[in-house]
């Protein structure tokens, strides 16, 4: 997919230190945020919702304590919403494991990981704050240790001042 073709999928594209973030809207709601590789160029917002989302993404990229207030499209199963609510309660700079979240909501770590991967609103629902018990884990349904998505997860955790947690046997930066 060329940069031009890809940009047509988004209502706005915001430059980020790791590449870009695509903003998709539907009606007056945010439909999806997508981590994009550096080949994508910025794109001005096509509508008011995309404009609000782009400005809020930029604010977060400047200040990791920024809190999003966006109208989100209704997405996810009841289980995914329970996982996303638990993830949304994780404070900036804190890392929890899939197992921690699973225990909290009475589920299994793998199911929590799948719900993280199905998150339509990364940053707003900070799934990057959830890691494996012994390392970084996956991110955005990807687990290639040297791949783009895990480099984004590393950047986000550093941006937020996260440190490896005591239960982790391996650094989250590996």
Confirm whether residue 89 is crowded, with 20+ Cβ neighbours inside 10 Å and either closer than 20 Å to residue 16 by Cβ or modelled with pLDDT of 95 or more (or both). no
Does residue 17 qualify as being modelled with pLDDT under 95 and under 21 Å from residue 152 (Cα atoms)? no
Counting only residues that are crowded, with 17+ Cβ neighbours inside 10 Å and either assigned to a strand (DSSP E or B) or within 15 Å of the chain's Cα centre (by Cα) (or both), the range 16-47 contains a total of 17
Does residue 83 satisfy being crowded, with 19+ Cβ neighbours inside 10 Å and either within 18 Å of residue 128 (Cα to Cα) or in the same structural domain as residue 124 (by TED's automatic domain parsing) (or both)? yes
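Table: residues versus (1) at pLDDT 95 or above; (2) buried (at least 18 other Cβ atoms within 10 Å of the Cβ).
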position: 126; (1), (2): yes, yes
position: 131; (1), (2): no, yes
position: 134; (1), (2): no, no
position: 139; (1), (2): no, yes
position: 143; (1), (2): no, no
position: 153; (1), (2): no, yes
position: 157; (1), (2): no, yes
position: 164; (1), (2): no, no
position: 171; (1), (2): no, no
Positions within the range 63-100 being assigned to a loop (DSSP other than H, G, I, E, B) and over 24 Å from residue 161 (Cβ atoms), in sequence order: 71, 73, 74, 75, 76, 77
Please work out which residue is farthest from the chain's Cα centre (by Cα), limiting yourself to the range 101-131 and to residues that are free of Cβ contacts under 8 Å to residues at least 12 places away in the same chain and not in a loop (DSSP other than H, G, I, E, B). 103
When you check residue 54 against the structure, is it assigned to a helix (DSSP H, G or I) and outside the structural domain of residue 36 (by TED's automatic domain parsing), yes or no? no
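The values are calculated or read from the model by the stated rules, or taken from the named source; none is laboratory data. Keep in mind it's a predicted model, so treat the numbers as computed, not measured. For neighbour counting, all protein chains shown are included, and Cβ atoms are generated from backbone atoms with ideal geometry for every residue, glycine included.
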